[in-house]
Amino acid sequence: MFDYEIVRDDAASEACPVQLAAGVAELDDLGQMLSLVGKVDWDAFHAEHLLDVMADLEVLRSRLDAIAVGVTSKVDSSHAPRAAGYRNAAGVLKSELGLPGPEASRRTTFARRVRNRASMEAVQASFLEGRIGFAQASLIAKYSVRDEVSWAFDEAVESFFLPIAEAKPFKFFENACREWFAQRDLTQGEARDRRQDGLQKVRVSTSFDGMVRLDGWLPTVAGEVVSLEFERLRRHLYDLDWQRAKDRLGRDPLPDELGRTADERSVAVLVLMAQRSASLGDSPVTALPCVNITMDYETFVAASSELVGLPALYPAGGVCRTELGIAVSPRNAVEVLLEGHIRRVVFGPDGHVLDFGRKDRFFTRGLREAIMFRNRECVVPGCDVPARFCEIDHCTSWSDLGHTSEPNGDCKCRFHNGLKGPRSADPIINPQSGMVGFHVDPHTTKCRDRLSPARKRRARAAEAAGYESAEAASRMTQREA
């Protein structure tokens, strides 16, 4: 596996610093090899070479985890824990080996799921060979005990779960599993809705020394309304702190040089949300949150029929999810849609949006959301920044005759979009305000933000009033008139 060589010498061949109690020769040899690896001078390696080292070490760690799971399963199914005074293997891991309680329970639960289902043997084999890690294997194990999809799980292990888990990043795999579950859930999410309705709560309590504690659970749609607005304001406060630190230092600040920590900004976001709510008083809400729910037409028709008491035939492989990829029951989604707006989005066979219900020459709100619907998150592999907080920029630069169209637009987070380097002015969408802005290369153009001073003033006034943009404020004013 390694394409470099470890040379054994007398100093490195000393006994393993941790005394192994099992007396198993193979474990003793493994301990000796780990001692050798621990003595490698990693500073002597090139940084790019260390990327391969990191990958190899992660494979070895996954294989060790798989072996540990197998041993935990054998211990848990034996009488050894009870003989030692514990209920199960989790008690041994927690009390004798020092693992945190949740981690000990997680490992024991996974070991039981592997032991109790024959189809999980393929998962354990892939885990043992290092092709998947503990996170992927434990996620598959969670679906093995879900009654709603038990009829389809065994066949999907080798045809669906393992191929994606071995080839794709974990975030992609997690989203794919959610969609697989939503498409094969015979209850159409009703069980999940009832469970969420029973668990939803928010508690605000005061401690003895006067601090206030927030604790709660929100159902899917309501939770996404809160989380998206929370994340939008958090990023806004980060930008403000970053700019203030830059003005103070005269250079780009480091994360620990900002005026507030991440936790302090999170607290400030909650206070800001409360202050904006207090400023409205009992007045009606003038700026409605935007939560996009994607549903295919056949599922929408079936859910609408069920809602009015007609027979409903849900299609196989139907889609009903939020923009973050969280599955929502079709019935619940239609109930939410009755309070909001329905928008037509037509996708072609190549995955591009053919019709969004409107046409614009620039990256306006409608075109931005069409690209957001398509990508859902930053297109750079391994980056899971939601599309709502990404910049929409041209694949082929506008100055290079690239069209401002949905096929030529991509979602990229601020970091990855900034890696494109110097370029001419290309129109992008600001992820906070949704307004058209421009990337500028100061060495090749004098072009600045194309927004006029008057539009800038209207945008700032609209943001202060709680609107997403000046256009949104204008539309709401006209609606009220």
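The values are calculated or read from the model by the stated rules, or taken from the named source; none is laboratory data. All values derive from a computational prediction rather than experimental measurement. All Cβ positions, even for glycine, are placed from backbone atoms using ideal geometry, and neighbour counts span all protein chains on display. Note: accessible area is taken over every heavy atom of the protein model, side chains too, but ligands, DNA and RNA are not part of it. Shrake-Rupley method; radii C 1.70, N 1.55, O 1.52, S 1.80 Å.
Within the range 79-95, can you find the residues that are of a type in the set (D, E, K, R) and either within 32 Å of the chain's Cα centre (by Cα) or surrounded by 13 or more Cβ atoms within 10 Å (Cβ to Cβ) (or both)?
K94
Within the range 85-102, is there a residue that is in a helix (DSSP H, G or I), under 21 Å from R131 (Cβ atoms) and in contact (Cβ under 8 Å) with a residue 12 or more places away in the chain?
No, the range 85-102 has no match at all.
Let's see how each residue does on (1) under 25 Å from the mean Cα position of the chain (by Cα); (2) modelled with pLDDT under 80; (3) in a loop (DSSP other than H, G, I, E, B):
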{"residue": "V301", "(1), (2), (3)": "no, no, no"}
{"residue": "P311", "(1), (2), (3)": "no, yes, yes"}
{"residue": "L324", "(1), (2), (3)": "yes, yes, yes"}
{"residue": "G351", "(1), (2), (3)": "yes, yes, yes"}
{"residue": "R368", "(1), (2), (3)": "yes, yes, no"}
{"residue": "R374", "(1), (2), (3)": "yes, yes, no"}
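Taking only the range 112-129 into account, find how many residues are closer than 23 Å to L57 by Cα and either over 24 Å from the mean Cα position of the chain (by Cα) or at pLDDT below 90 (or both).
Result for the range 112-129: 6.
Going by the structure shown, is R251 modelled with pLDDT of 85 or more, charged (D, E, K, R) and not in a helix (DSSP H, G or I)? Reasoning before the result, please.
Values: modelled with pLDDT of 85 or more: yes; charged (D, E, K, R): yes; not in a helix (DSSP H, G or I): yes.
Criteria met by R251.
Could you identify the single residue in A135, A111, A122, A152 that is open to solvent by less than 50 Å² (accessible area, probe 1.4 Å), closer than 29 Å to Y314 by Cα, of a type in the set (G, A, S) and touching a residue at least 24 places away in the same chain (Cβ under 8 Å)?
Of the residues listed, the single one that is open to solvent by less than 50 Å² (accessible area, probe 1.4 Å), closer than 29 Å to Y314 by Cα, of a type in the set (G, A, S) and touching a residue at least 24 places away in the same chain (Cβ under 8 Å) is A152.
Restricting attention to the range 20-41, does a residue exist that is over 28 Å from F110 (Cα atoms), among the acidic types (D, E), at pLDDT below 90 and part of a helix (DSSP H, G or I)?
Within the range 20-41 (the criterion being over 28 Å from F110 (Cα atoms), among the acidic types (D, E), at pLDDT below 90 and part of a helix (DSSP H, G or I)), the answer is no, since none of the residues qualifies.
Report, ordered by the first and then the second residue, all pairs with beta carbons closer than 8 Å, sequence separation of six or more or different chains, a first member in the range 256-270 that is under 12 Å from L240 (Cα atoms), and a second member that is surrounded by 14 or more Cβ atoms within 10 Å (Cβ to Cβ) and not charged (D, E, K, R).
Sorted first by the residue in the range 256-270, then by its partner, the pairs are L258/Y238; L258/W242; L258/A245; G259/A245; R260/L237; R260/A268; R265/L237; R265/Y238.
Within the range 172-219, which residues are open to solvent by 70 Å² or more (accessible area, probe 1.4 Å) and either of a type in the set (K, R) or in contact with a helix residue (DSSP H, G or I) (Cβ under 9 Å, 6 or more places away or on another chain) (or both)?
F172, R184, L186, R194, R195, Q200, K201, R203, R213, L214, W217, L218, listed by residue number.
When C411 is evaluated against the numbered criteria (1) buried (at least 22 other Cβ atoms within 10 Å of the Cβ); (2) at pLDDT below 75, which criterion, by number, is the only one it fails?
Just one mismatch for C411, condition (2).
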